[in-house]
Amino acid sequence: MPASRRGSGSVTLPTGQTLAIHTRTHDEEDLPHATKKTMADHLRKYESLFTLTPQRMRIIAEAFKETLELGLTKPGQVVPMIPTFVFGWPSGKETGDFLALDLGGTNLRVCLVTLQGSGQFEITQSKYRLSEEQKNGDGQKLFDFCAECLKTFVETNIGSDDEGPIKDGHHLPLGFTFSYPCSQERIDHGELIRWTKGINVANTEGHDVAAMFATSLAKYQLPIKLTALINDTTGTLIASHYVNPRTKIAVIFGTGCNAAYMEHIKDIEKIKHLGIDPKAEMAINCEWGAFDSFEHEHLPRTKYDTIVDESSNKPGEQAFEKLISGRYLGEILRLVICELIDEGVLFLGQNTYKLENPYCFDTAFLSLMESDPTDELLMIIGIFTHFFALETTLAERQFFRALAKLIGRRAARLSACGIAAIVGKMGYLDEGCSVGADGSLYNKYPGFADRVHEGLFDIFGEKGRNIITHHAEDGSGVGSAIIAAMTKIRKDAGLYANV
Ligand code: BGC
């Protein structure tokens, strides 16, 4: 038996929560040689499964680019490349009061945004948490809840006197950020193609969510007009460009993942019939999370990815997203751990039932494990003792950390392939561009942005350094309001007023 020491203490998470820890910590040198060798051997296996070579990344980026191009030619493609009817960039001179409603997977956010021109704005906002029942209930009821929250927000923050933004008989314009794939025929229309990110609300797929929302607005008699239905990536693109005009692409790496960019109308074959000036531009919501869905030809999926996919509520769908986004990374790591438990490699003699629940291993744990600054890896001790009632050895903790790094790095490098596909398609490499990025993975996962940049370097060589991601402006709030403003200006001027 290796010498073991029992210890206890506490560790504090970045959230401020303090975890009591008690553990059996074998020092590395205490472990029998065979155990050490086994962990190292296992790690080598996972390294080869989760590592993407530069050459493989170039092949993926090329296939990705072809898929994006195909999506622009005809409707109904796997990556739908959705025309958003957001025409060109904001001037920065947009002014006025606009409401923004942001329906995310966890919260509903209502904002009043006052655009002051010259890239300045003020924002007042409230958040309302969605219940499990709302996330799994009926579509119209969900939109009724949105309208109810808007009513409370308007009564509390705006009022309806003649001094405020809602003057008698006027309707306040609203941008509705609905971050799920919707095919659009006009800016205030959007047929939900599918729910993503595990949401499962009935009677909504295949329906025009803008019309459903308008029904709820009417029910609550709100002096509000839905001006634009937007995706979070499109909002991020416009908001980031509003403050940093070098921005050409926007990406979200959060619970879901997706990108938007500005396309030349002449290159959007599938909307030629609308007769829009070919020299104009329109933002495209790529919905790239669907890349390689169903056929699974291009992405290097491991058996853990296949399990994640097959046990999800949407098997086959969102293949790219399932390798990258925050909803899935913790689950991928959990599945590897469970395999090693079954093989009798990890947690011998301990009860591991708490790890057996799907999705119990939060992606935030991967961030915490990677950023643990202590030699003993105290944060990892804390996670396993507190959440799973499991004691870990140092060798196991080092293994977990290395595994988190492999899974997190693969996600970032695949993300770089998607960005490279847009950059290559649009010819942005020589002049370079900024990529506005948002979402919990991008903002909170240590080193995620650096790994994306490293991936772009691996794909493009030195020129890859011309493509720089930066933390984006609030697309779902401010971006949504700017788009509502741009749309109002466009329609008031009679430009493509029917879309
Ligand atoms: C949705 C996209 C969204 C992305 C980020 C994906 O699951 O399909 O519409 O932009 O998540 O929120």
Neighbour net charge for Ala280 - beta-carbon separation under 14 angstrom, K R +1, D E -1: 0
Kyte-Doolittle mean at least 0.5 and Cα axial length at least 24 Å: DSSP H helices in the chain: 326-342, 394-426
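Roughly what % of Cα-Cα distances in region 268-334 sit above 19 Å, to the whole percent? The partial results should precede the final answer.
On the way: 974 of 2211 pairs.
Beyond 19 Å sits 44 percent of the P(r) for region 268-334.
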For Glu317, Glu287, Glu376, Glu343, order by how many other beta-carbon atoms lie within 10 Å, fewest first: Glu343, Glu376, Glu317, Glu287
Leading residue at positive end of dipole, the chain (Cβ point charges), from Thr487, Cys149, Tyr428: Tyr428
R0 of 56 Å, Cβ-Cβ distance Glu205-Arg465: FRET efficiency to nearest 0.05: 0.85
Dipole moment magnitude, nearest 20 debye, region 93-198 about Cα centre, only Lys, Arg, Asp, Glu C-beta charged: 520
Dipole moment magnitude, nearest 20 debye, region 211-325 about Cα centre, only Lys, Arg, Asp, Glu C-beta charged: 500
Net +/- balance of residues flanking Met212 in space, Cβ distance below 12 Å, scoring K and R +1, D and E -1: -3
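Less than 11 Å Cβ to Cβ from Arg58, Lys/Arg counted +1 and Asp/Glu -1: what total charge do the surrounding residues give?
On the way: positive: Arg56, Lys65; negative: Glu62, Asp458.
Here the charged neighbours net out to 0.
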Theoretical ellipticity at 222 nm over the chain - DSSP helices of four or more residues, -39500 (n - 2.57) apiece, nearest 500: -12500 deg cm²/dmol
DSSP bridge orientation in region 120-266 - percent antiparallel, rounded to nearest 5: 55
Binned Cα-Cα distances of the chain, short to long, each 10 Å bin given as a whole percent: 4, 19, 27, 24, 16, 8, 3, 0, 0
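Looking at region 404-470, which GluC sites (Glu not before Pro) are in a loop (DSSP not H, G, I, E or B) and have at most 14 other Cβ atoms within 10 Å?
Details: sites: Glu431, Glu454, Glu462; in loops: Glu431.
Those satisfying the criteria are Glu431.
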Rounded to whole Hz, the Karplus (6.51, -1.76, 1.60) HN-Hα couplings of region 265-273, x for glycine and proline: 4, 4, 9, 9, 3, 6, 10, 3, 4
Other-chain or far-sequence residues with amide H under 5 Å of Thr469's (modelled H): Val435
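Treat every Asp and Glu Cβ in the chain as -1 and every Lys and Arg Cβ as +1, leave all other atoms uncharged, and give the resulting dipole magnitude about the Cα centre to the nearest 20 debye. Mind showing how you got there, number by number?
Details: 51 positive and 65 negative charges, 89 e Å.
With only Lys, Arg, Asp and Glu charged at Cβ, the dipole is about 420 debye.
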Approximate spin-label separation Lys354-Tyr220, in nm, with each point projected 7 Å along Cα-to-Cβ: 4.0
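In the chain, what percentage of the DSSP-assigned beta bridges are antiparallel, given to the nearest 5? Present the calculation step by step, with values, prior to reporting the outcome.
On the way: 43 of 65 bridges.
Once the DSSP bridges in the chain are tallied, antiparallel ones form about 65 percent.
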Dipole-positive endmost among Phe347, Pro358, His386 within region 316-420 (Cβ charges, Cα centre): Pro358
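Coordinate-derived values only; no laboratory data. Just so we're clear, the structure is a prediction, and the values are computed from it rather than from any experiment. Counting neighbours? That spans all protein chains shown, and the Cβs are built from the backbone with ideal geometry, glycine included.
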